[in-house]
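*Asks:* First the structure, then my questions, so here it is.
The values are calculated or read from the model by the stated rules, or taken from the named source; none is laboratory data. Since this is a predicted model, take the numbers as computed values, not measurements. Here the Cβ is made from the backbone with ideal geometry for all residues, glycine too, and neighbour counts use every protein chain on show. We work out accessible area using only protein heavy atoms, side chains counted, and drop any ligands, DNA or RNA first. Shrake-Rupley method; radii C 1.70, N 1.55, O 1.52, S 1.80 Å.
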Amino acid sequence: MIPAFVRRFRFIGILTVAAVYLLILVGGVVRSTGSGMGCPDWPKCFGTWIPPTHISQLPSDYKEIYTAQRVAKNKRLAATLERFGFAQVAGDIFAHPTQYIETDFNVTKTWIEYLNRLLGALIGVFVFLTVVFALPYWRLDKTVFWLAFGSFVLVGVQGWLGSLVVSTNLLPIMVTIHMGLALVIVAMLLYAVDRSQQSAERTETIQFSPALAVGLWVVVLLTFGQIVLGTQVREEVDLVASSMNYSNRSEWVEQLGGIFKVHRTFSLVLLILNIYVAYQLYQLPSKRLHKLTSAMLGFLGLEILAGIILAYFAVPAAVQPVHLTVATLLFGGQFLLLVAYHRRAKSVVKPTYPHVVA
């Protein structure tokens, strides 16, 4: 029988992972609606904890006020980056064309961004509870505890990075780092939940294949890179949309540079690699791996479909956040496959917890 503390940790862990994916979806909605600068400051929104609902609630020179605040914060950030040897990144902060541009107040965009922040704060609570429920593992499997605790620390870092995304007016490198760290948090939480189960259940064993293990690592890392590359494509889309005053969406794709072509071509490479890895996994006598492989292929199919719709049907705004979210689900599915494969290929049956009182 699985102890109660294992079930509790699994429940809160899965809930937290689901909340992180929801936040990624909402973040995609923020980007697709152009609401990223709906709140020009952080953690408050227009200087208050409850955002304004009308422009009359703001001072007449609110743009100048918040631009000055952002620039002052960015100067401190640039000075810190230069001290650590990142002079190029520090220079990019002020070289970006939107650095001194303040967005007009829009109540809808403000509240979309604010709800995004509230969800982020809620995830912070979930991750804290994950750490609390991981305390029993301090004696049984410290790795599970440290994965949960590390996720909690990284969520705090993620919040700080979110403030830099705002202060730098959506600087591409900040958005990219923000996205990459979200994937790292997802991977850590997934691994923690999966590892927490392995000592409480008997696991089927399979023969280890170095080639398949490498293939799984390759598809996970390449998907991570493809998602990061996708954030750069999204930045180009935003710049093209802005230059065309958010009209003539059917012409946006034609205006994109080489990075979009690389992103599109790389998708074909990933498709081939995923199919190859899936074929190898289906040869193994493991129902669990078969289910995860089918889920991976399902996410891959949805991701390709979303990409085709974006490229050939005038970049519909509703599909943009779906494209991002499904990509992160694909990454999560691949990572779970990697973990599950290595667990079963160790040819070790872990003991239960007969000495633990549930």
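*Asks:* Would you pick out the residues in segment 16-52 that are within 21 Å of Thr328 (Cα to Cα) and either in contact with a strand residue (DSSP E or B) (Cβ under 8 Å, 6 or more places away or on another chain) or among the β-branched types (Val, Ile, Thr) (or both)?
*Replies:* Thr16, Val17, Val20, Ile24, Val26, Val29, Val30, Thr33
*Asks:* Select from segment 214-268 the residues that are open to solvent by 50 Å² or more (accessible area, probe 1.4 Å) and of a type in the set (Phe, Trp, Tyr) and write down the one among them that is nearest to Ala317 (Cα to Cα).
*Replies:* Here the answer is Tyr246.
*Asks:* Here's something else I'd like to know. Just the residues that are under 27 Å from the mean Cα position of the chain (by Cα) and surrounded by 15 or more Cβ atoms within 10 Å (Cβ to Cβ), please, taken from segment 40-52.
*Replies:* Our first condition is that a residue be under 27 Å from the mean Cα position of the chain (by Cα); within segment 40-52, this holds for 40-46, 49-51.
Of everything in segment 40-52, those that are under 27 Å from the mean Cα position of the chain (by Cα) and surrounded by 15 or more Cβ atoms within 10 Å (Cβ to Cβ) turn out to be Pro40, Asp41, Trp42, Cys45, Phe46, Pro51.
*Asks:* Let me ask something additional. So, Phe128, is that one closer than 30 Å to Val175 by Cβ and among the aromatic types (Phe, Trp, Tyr) or not? First the steps, then the outcome.
*Replies:* Details: closer than 30 Å to Val175 by Cβ: yes; among the aromatic types (Phe, Trp, Tyr): yes.
Yes.
*Asks:* In addition: Hey, among Ile65, Ile93, which residue is in contact with a Gly (Cβ under 9 Å, 6 or more places away or on another chain), aliphatic (A, V, I, L, M) and within 17 Å of Asn169 (Cβ to Cβ)? It would help to see each step written out before you state the result.
*Replies:* Details: Ile93 fails: in contact with a Gly (Cβ under 9 Å, 6 or more places away or on another chain).
Selected residue: Ile65, the only one of Ile65, Ile93 that is in contact with a Gly (Cβ under 9 Å, 6 or more places away or on another chain), aliphatic (A, V, I, L, M) and within 17 Å of Asn169 (Cβ to Cβ).
This table checks each residue for (1) open to solvent by 40 Å² or more (accessible area, probe 1.4 Å); (2) closer than 15 Å to Leu164 by Cα.
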{"residue": "Gly13", "(1), (2)": "no, no"}
{"residue": "Ala19", "(1), (2)": "no, no"}
{"residue": "His54", "(1), (2)": "yes, no"}
{"residue": "Ser60", "(1), (2)": "yes, no"}
{"residue": "Ala68", "(1), (2)": "yes, yes"}
{"residue": "Phe105", "(1), (2)": "no, no"}
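*Asks:* Looking only at segment 1-39, which residues are at pLDDT below 85 and either among the β-branched types (Val, Ile, Thr) or within 26 Å of the chain's Cα centre (by Cα) (or both)?
*Replies:* So in segment 1-39, the residues at pLDDT below 85 come out as 1-3, 31-37.
Those that are at pLDDT below 85 and either among the β-branched types (Val, Ile, Thr) or within 26 Å of the chain's Cα centre (by Cα) (or both): Ile2, Arg31, Ser32, Thr33, Gly34, Ser35, Gly36, Met37.
*Asks:* To continue, here is another question. Only one of these is among the hydroxyl-bearing types (Ser, Thr, Tyr) and over 21 Å from the mean Cα position of the chain (by Cα): Tyr62, Tyr114. Name it.
*Replies:* Working: Tyr114 fails: over 21 Å from the mean Cα position of the chain (by Cα).
The conditions single out Tyr62.
*Asks:* Moving on to the next point. Select from segment 112-147 the residues that are within 22 Å of Leu25 (Cα to Cα) and among the charged types (D, E, K, R) and write down the one among them that is least open to solvent (accessible area, probe 1.4 Å). Quick ask: steps written out before the conclusion?
*Replies:* If we filter segment 112-147 for residues that are within 22 Å of Leu25 (Cα to Cα), which is where we start, we get 112-128, 130.
Okay, now just the ones that are also among the charged types (D, E, K, R), so 113, 117.
Values: Glu113: 14, Arg117: 36 Å².
Selected residue: Glu113.
A quick yes/no check of all residues on (1) among the charged types (D, E, K, R); (2) part of a loop (DSSP other than H, G, I, E, B); (3) in contact (Cβ under 8 Å) with a residue 12 or more places away in the chain:
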site: Phe5; (1), (2), (3): no, no, yes
site: Phe11; (1), (2), (3): no, no, no
site: Leu22; (1), (2), (3): no, no, yes
site: Ser60; (1), (2), (3): no, yes, no
site: Lys63; (1), (2), (3): yes, no, yes
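*Asks:* What are the residues in segment 85-138 that are of a type in the set (D, E, K, R), at pLDDT below 90 and assigned to a helix (DSSP H, G or I), if any? Walk me through how you get there before you give the answer.
*Replies:* Just the residues of segment 85-138 that are of a type in the set (D, E, K, R), to begin with: 92, 102, 104, 109, 113, 117.
Narrowing further to those that are at pLDDT below 90: 92, 102, 104.
Passing the criteria: only Asp92.
*Asks:* Checking Phe152 against (1) touching a residue at least 60 places away in the same chain (Cβ under 8 Å); (2) within 25 Å of Val326 (Cα to Cα); (3) aromatic (Phe, Trp, Tyr), only one condition comes out false. Which one?
*Replies:* Among (1) touching a residue at least 60 places away in the same chain (Cβ under 8 Å); (2) within 25 Å of Val326 (Cα to Cα); (3) aromatic (Phe, Trp, Tyr), the lone unmet condition for Phe152 is (1).
*Asks:* At pLDDT below 95, over 24 Å from Arg195 (Cα atoms) and among the aromatic types (Phe, Trp, Tyr) - does that describe any residue in segment 325-348?
*Replies:* No, segment 325-348 has no match at all.
*Asks:* Restricting segment 280-317 to residues that are closer than 22 Å to Asn248 by Cβ and in a loop (DSSP other than H, G, I, E, B), which is least open to solvent (accessible area, probe 1.4 Å)? Talk me through it step by step, then tell me what you get.
*Replies:* Keep residues of segment 280-317 that are closer than 22 Å to Asn248 by Cβ, which gives 306-317.
From what is left, the residues that are in a loop (DSSP other than H, G, I, E, B) are 313-317.
Numbers: Phe313: 133, Ala314: 36, Val315: 11, Pro316: 36, Ala317: 39 Å².
Ranking the qualifying residues of segment 280-317, first place goes to Val315.
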